[in-house]
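Participant: Let me begin by handing over the structure; questions about it come next.
Every read-out reported here was derived from the displayed coordinates using simple, explicitly stated rules and does not represent laboratory data. The structure displayed is predicted, hence computed values, not measured ones. Don't worry about glycine lacking a Cβ; one is built from the backbone with ideal geometry, like all the others, and counts go over all protein chains shown.
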Amino acid sequence: METLDELSVESRRALEAAVAEAGFVLEVTRILDVEEEVEIRTWKVETRQGGRRFQTRLDDWPMEVPRGGIVIRDVAGDLYHVADPAALDDRSRRWLWAFVD
């Protein structure tokens, strides 16, 4: 297997949840902007590791993970975790909830 896309939806979600809980992700602290283009959504965020821009496919939605939080997977397969969505500022929460499946 070469990509997460080859896993079943349930297996992929379980793996992403496990990775998020293990800490192998960028921790999102603020969402500054989200722009939609033809088939891509471009996110501009602040993370504990610094500012980042990344892209997701329009049909890839942020997912809630067991034990709380939300994971966003970009087109390169990197994971971005929002540990406590309620702790985000109002604007960040509005951006996030607009895209949660």
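Participant: Take Asp59, Asp33 and order them by how many other Cβ atoms sit within 10 Å, fewest up front.
Facilitator: So the residues, fewest neighbours to most, are Asp59, Asp33.
Participant: Can you compute the helix-only [θ] at 222 nm over the chain? Use -39500 (n - 2.57) per DSSP H run of at least 4 residues, normalise by all residues, nearest 500 deg cm²/dmol.
Facilitator: Here the helix-only value at 222 nm equals -7500 deg cm²/dmol.
Participant: Hey, fewest Cβ within 10 Å first, where do Arg48, Arg12 land in order?
Facilitator: Ordered from fewest to most neighbouring Cβ atoms within 10 Å, Arg48, Arg12 come out as Arg48, Arg12.
Participant: What are the principal axis extents of the Cα atoms in segment 4-99, in Å, biggest first?
Facilitator: So the extents along the principal axes, rounded to whole Å, are 32, 32, 22.
Participant: Roughly speaking, what is the stretch gain from Ile40 to Ala98, that is 0.36 nm per residue apart minus the C-alpha to C-alpha distance, in nm to one decimal?
Facilitator: Gain on stretching Ile40 to Ala98: 19.3 nm.
Participant: How much length would be gained if the chain were fully extended between Val9 and Arg67, taking 0.36 nm per residue of separation minus their Cα-Cα distance, in nm to one decimal?
Facilitator: 19.0 nm is the gain from fully extending Val9 to Arg67.
Participant: State the antiparallel share, in %, of DSSP beta bridges confined to segment 4-99, rounding to the nearest 5.
Facilitator: Just about 90 percent of them are antiparallel.
Participant: Ordered by residue, what ³J(HN,Hα) values in Hz, to whole numbers, does segment 81-86 give under the Karplus form 6.51 cos²θ - 1.76 cosθ + 1.60, where θ = phi - 60° and Gly and Pro are x?
Facilitator: Residue by residue, segment 81-86 yields 10, 9, 5, 9, x, 5 Hz.
Participant: Give me the extension gain from Asp89 to Leu32: residue separation times 0.36 nm, minus the current Cα-Cα distance, reported in nm with one decimal.
Facilitator: In short, 19.5 nm is gained.
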